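The values are calculated or read from the model by the stated rules, or taken from the named source; none is laboratory data. A quick note: this is a predicted structure, and the numbers were derived from the prediction, not measured. We place every Cβ from the backbone using ideal geometry, glycine too, and count neighbours over all the protein chains shown.
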There are 2 protein chains.
Amino acid sequence: MSWEDKVRRVVPYVPGEQPKQKGIIKLNTNENPYPPAPEVERLLREIDYSALRLYPDTDAGELTKELAAYYGLKPSQIFVGVGSDDVLSMAFLTFFNSEKPILFPDITYSFYDVWADLYRIPYKLCPLDDSFRINPDDYKQENGGIIFPNPNAPTGVLESVDMVEEILRANPEVVVIVDEAYIDFGGESCLPLLSRYENLLVVQTFSKSRSMAGMRIGFAMGNEKLIQCLNDVKFSFNSYTMNLPAQVLGAQAVRDKVYFAETCGKIIKTREWVKEELKKLGFDFPDSKANFIFAAHRHMSGGVIFEALRERGIYVRHWDKPRIGNYLRITIGTKEEMERLLEALAEIVAE
Amino acid sequence: MSWEDKVRRVVPYVPGEQPKQKGIIKLNTNENPYPPAPEVERLLREIDYSALRLYPDTDAGELTKELAAYYGLKPSQIFVGVGSDDVLSMAFLTFFNSEKPILFPDITYSFYDVWADLYRIPYKLCPLDDSFRINPDDYKQENGGIIFPNPNAPTGVLESVDMVEEILRANPEVVVIVDEAYIDFGGESCLPLLSRYENLLVVQTFSKSRSMAGMRIGFAMGNEKLIQCLNDVKFSFNSYTMNLPAQVLGAQAVRDKVYFAETCGKIIKTREWVKEELKKLGFDFPDSKANFIFAAHRHMSGGVIFEALRERGIYVRHWDKPRIGNYLRITIGTKEEMERLLEALAEIVAE
């Protein structure tokens, strides 16, 4: 007998590499190539430093208020957390307490099965079709809850609000979580459905479209009852999670609407141009509405291209997994970064 | 049937009030009355703002390295989290997986039973004696793990390193967590025991002695195997929890050793003076080695004094609970704040 018998066994998630060398091109974790809004910088310099000695506002009131105003909701319909991973994990713990399996796609965000295992939630994978699309009929079987990203990750495929509603209509007895981490890059959010479906939870993040992966801010939007449940569970863990800089700078990022629209617009424009160029180089990919493209070459294996890019100091993401082993997930960087990527790919596929 | 049947039911923790009016004296959440080290302010103004677009270092490498250097440990012996609540909650989840009850004092930090309930960990309370001291023999019964704060909260009572070792010696088969949130105010840390007890986890925080409650930084120190287990569980939740400002400013706070020693020294000096004054006013209290005093008046009820102070804009903490309903937990503020507190108390007890 030893203390080691009482340790929880888990399979830790392996995040994308964070190489520290200078001069590399980092297109592997879907970060935004542009910095946060300029007003965020000004506020960073002005944070009341002496207030750091005090506990932060437990309710993250200013941040919640700005988000509510932006999305046309009440502050009591917003839950904030330390990145959308914190929010999603809390939502799993709060809403998926059933003996029936929760449902999510077979190709999806790699944390869903990890959280399900951690909290001992049974789950069942619903295979995407050959174009990586969700079949809504898969989500009409008995279940303990539903979650999927829209656009999906790592495919970038966007499903329609009508399809989301079809799934909601069939599932009034469980919470349906739509993970909209990438919605701001040209997708249509299902937020308007909130007023009609009290069991819908929409999760978004500051890490992609709002250029703030380094601040760790995620949020969920839903019916007030749903948000209250999340808050109750969260407050039973830790009363103070959002630190002062995250609250102050996050609120300012939401206020800077013009900058936000501009940077999202630039990324969309670059993405559409990269799509054309990748086609010319012999790549196939599902049409992406995210800040990345999930592409496979017609003749060369994903693993080989991944390594060849890496040797050239260009990092993309590759999973050695069934159905997607041939694909690369390529984050949309600046125009210049994508030019260098395309040059490298042209060299590699010509070999 | 409804989605509400699948919601996890919890009793949310109610943190100390965070009144927002100006001019009040806030002695209710054990915050440090002094701001963080001046160098922390300089770094805050210099944070690389454009780096906020990137995910932070998952390992919080710089912060971990500074803590390791300060405490004479290896970086692989340090685990950091979003406040010590995050660290402690993760430690409960990681180490307390047994059918046998975990043990902790009946009067202690109010989150322990909340986490135990949340994770469905059985627990048993070990009553403190009438002087609020731990009886080490209580911790020699069969158990699934042990946790206690030292100094204890909300009593402020410090137990000796010998007593901690006596408990460790009797419990090689479980993890023993010593929560040293308040150790820097004159207590002797049990850190030297780490080299001899691989099942000891020592948890500390930046929220009290390091004047950084607003940054949310806590940490655990232990054997490398123990820390690896914590990291595995943590990475299965959320790869990126410590945001960039927390990492950069936290590391700097650890470097500023002289300022740290000075502010702790000032608080200790103020505390010892307040003890004398409280005695003169008819208060009794266990001797405190924390940044608060847990005091009861000989003739006036704790609840009455609490309300009378509140009416005067002075916030302390009071729990309407068995054994401690007559006590007030008074945080040590600046000399000036404590003078105003003592004047108010003199008025109140004279009534």
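Residue count for segment A:108-152, restricted to those that are touching a strand residue (DSSP E or B) at 6+ places or on another chain (Cβ under 9 Å) and within 27 Å of B:Leu93 (Cα to Cα): 17. You will find that of B:Ser89, B:Ser98, the residue that is within 30 Å of A:Glu99 (Cβ to Cβ), without any contact (Cβ under 8 Å) to a residue 60 or more places away in the chain and either more than 7 Å from chain A (Cβ to nearest Cβ) or touching a strand residue (DSSP E or B) at 6+ places or on another chain (Cβ under 9 Å) (or both) is B:Ser89 and no other. Listed by first and then second residue, the pairs with beta-carbon distance under 9 Å, at least 6 apart or on different chains, first residue in segment B:210-230 and within 7 Å of another protein chain (Cβ to nearest Cβ), second part of a strand (DSSP E or B), are B:Met212/B:Thr205; B:Ala213/B:Thr205; B:Arg216/B:Gly81. Scanning segment B:22-36 for residues that are in a loop (DSSP other than H, G, I, E, B) and more than 9 Å from chain A (Cβ to nearest Cβ) returns B:Lys22, B:Gly23, B:Ile24, B:Leu27, B:Asn28, B:Asn30.
Restricting attention to segment B:188-209, the residues being under 22 Å from B:Gly156 (Cα atoms), within 12 Å of another protein chain (Cβ to nearest Cβ) and of a type outside the set (Phe, Trp, Tyr) number 6. Taking the conditions exactly as written (within 17 Å of the chain's Cα centre (by Cα) and surrounded by fewer than 22 Cβ atoms within 10 Å (Cβ to Cβ)), does A:Ser160 satisfy them or not? Here the answer is no, as A:Ser160 does not meet what is asked. Applying the set (1) more than 24 Å from A:Val82 (Cβ to Cβ); (2) surrounded by fewer than 17 Cβ atoms within 10 Å (Cβ to Cβ); (3) of a type outside the set (Gly, Ala, Ser); (4) within 24 Å of the chain's Cα centre (by Cα) to B:Arg42 leaves exactly one unmet item: (4). Selection of segment B:270-294 for residues being of a type outside the set (Lys, Arg) and under 23 Å from B:Ala350 (Cβ atoms) yields B:Trp273, B:Val274, B:Glu276, B:Glu277, B:Leu278, B:Leu281, B:Gly282, B:Phe283, B:Asp284, B:Phe285, B:Ile293, B:Phe294. Residue check: is A:Gly313 at positive phi and of a type outside the set (Asp, Glu)? It is true that A:Gly313 is at positive phi and of a type outside the set (Asp, Glu).
Do the conditions hold for A:Val176, that is, is it buried (at least 23 other Cβ atoms within 10 Å of the Cβ) and farther than 20 Å from A:Ser209 by Cβ? Spelling it out, A:Val176 is indeed buried (at least 23 other Cβ atoms within 10 Å of the Cβ) and farther than 20 Å from A:Ser209 by Cβ. Only a single criterion out of (1) more than 7 Å from every other protein chain (Cβ to nearest Cβ); (2) assigned to a loop (DSSP other than H, G, I, E, B); (3) more than 30 Å from A:Pro172 (Cα to Cα) is not satisfied by B:Glu39, namely (2). Residues of segment B:101-120 that are within 14 Å of another protein chain (Cβ to nearest Cβ), outside any helix (DSSP H, G or I) and either closer than 18 Å to B:Pro151 by Cβ or at pLDDT 95 or above (or both): B:Pro101, B:Ile102, B:Leu103, B:Tyr109, B:Ser110, B:Phe111. A:Leu249: within 26 Å of A:Thr58 (Cβ to Cβ) and buried (at least 20 other Cβ atoms within 10 Å of the Cβ), yes or no? In short, yes.
Quick one: how many residues across segment B:127-177 are under 23 Å from B:Ser98 (Cα atoms) and part of a loop (DSSP other than H, G, I, E, B)? So the count comes out to 11. Assessment of segment B:276-285 against the conditions (among the small types (Gly, Ala, Ser), touching a helix residue (DSSP H, G or I) at 6+ places or on another chain (Cβ under 7 Å) and closer than 18 Å to B:Asn152 by Cβ) yields no matching residue.
Residue-level check: of (1) more than 7 Å from chain B (Cβ to nearest Cβ); (2) over 17 Å from the mean Cα position of the chain (by Cα); (3) at pLDDT 95 or above, A:Pro19 misses just (3). Of the conditions (1) at the interface with another protein chain (Cβ under 8 Å from one of its Cβ atoms); (2) aromatic (Phe, Trp, Tyr); (3) in a helix (DSSP H, G or I), A:Tyr240 satisfies every one except a single condition; which number is it? Against the list (1) at the interface with another protein chain (Cβ under 8 Å from one of its Cβ atoms); (2) aromatic (Phe, Trp, Tyr); (3) in a helix (DSSP H, G or I), A:Tyr240 comes up short only on (3).
Within this structure, B:Ser2 fails the test of being among the small types (Gly, Ala, Ser) and touching a residue at least 60 places away in the same chain (Cβ under 8 Å). Only residues that are in contact with a strand residue (DSSP E or B) (Cβ under 9 Å, 6 or more places away or on another chain) and at pLDDT 95 or above were counted in segment A:231-257, giving 4. With the condition kept exactly as written, say whether any residue in segment B:158-172 is in contact (Cβ under 8 Å) with a residue 40 or more places away in the chain and at negative phi. Scanning segment B:158-172 turns up at least one residue that is in contact (Cβ under 8 Å) with a residue 40 or more places away in the chain and at negative phi.
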